[in-house]
1. Within region 59-75, does at least one residue satisfy the condition of being crowded, with 21+ Cβ neighbours inside 10 Å, more than 12 Å from the chain's Cα centre (by Cα), over 18 Å from I37 (Cα atoms) and at pLDDT 95 or above?
2. Can you list residue pairs whose Cβ atoms sit under 8 Å apart, with the first residue in region 89-110 being more than 12 Å from A64 (Cα to Cα) and the second being of a type in the set (F, W, Y) and not in a helix (DSSP H, G or I)? Count only pairs 6 or more apart in sequence or on different chains.
3. Every residue in region 86-110 that is crowded, with 20+ Cβ neighbours inside 10 Å and touching a Ser or Thr at 6+ places or on another chain (Cβ under 8 Å), please.
4. Can you confirm whether K76 is over 16 Å from V40 (Cα atoms) and of a type in the set (K, R)?
5. Could you count how many residues in region 83-113 are within 10 Å of the chain's Cα centre (by Cα) and farther than 14 Å from I37 by Cα?
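The values are calculated or read from the model by the stated rules, or taken from the named source; none is laboratory data. This one's a predicted model, so the numbers in the text were calculated from it and none came from an experiment. Neighbour counts run over all protein chains shown; Cβ positions are idealised from the backbone, glycine included.
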Amino acid sequence: MLYSEKVMDHFRNPRNVGEIEDADAIGEVGNARCGDIMRVYLKVENDIIVDVKFMTFGCGSAIATSSMATELIKGKPISQALELTNQAVVEALDGLPDYKLHCSVLAEGAVKAAIKNYYDRNNIPYDPEAFKNIAD
């Protein structure tokens, strides 16, 4: 089987789809080669991600990784969400085919881009190294 049941479930029934009108942060990343674009919206209260939504234009794996990434950071402190890795997303989905791993990298990047946007909007100092792998 090419895709795990979890990948298929998150593709068919993605969690946290949509936009947050009054988002505290928005992060967007894209991969020109495959055409996938992910946008993540965060609502933050007392340094906790109380709501997160995503809009993804892309393949089933891009949608599934976006969905899982939002599930993994919802309700977590910003500092913990910043530790999200593409490997954690892949593991939570019970794996992805090698040629779809770039989707998990995009999901991680979209979350980190949103966190960077949150820090920038609120003049919160941060280590630039934490964001070196995302496009600005």
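1. Within region 59-75, not a single residue is crowded, with 21+ Cβ neighbours inside 10 Å, more than 12 Å from the chain's Cα centre (by Cα), over 18 Å from I37 (Cα atoms) and at pLDDT 95 or above.
2. Pairs found: P97/Y3; A110/F54.
3. Once the filter is applied, which keeps residues that are crowded, with 20+ Cβ neighbours inside 10 Å and touching a Ser or Thr at 6+ places or on another chain (Cβ under 8 Å), region 86-110 yields N86, V89, V90, L93, L96, K100, C103, S104, L106, A107, E108, A110.
4. No; evaluated as a whole, the condition is false for this residue.
5. 5
Per-residue answers, yes or no, for (1) out of contact with any Asp or Glu (no Cβ under 8 Å at 6 or more places or on another chain); (2) over 15 Å from K112 (Cα atoms):
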position	(1), (2)
L2	yes, yes
E5	no, yes
M8	yes, yes
N16	no, yes
E21	yes, yes
A32	yes, yes
G35	yes, yes
F54	yes, no
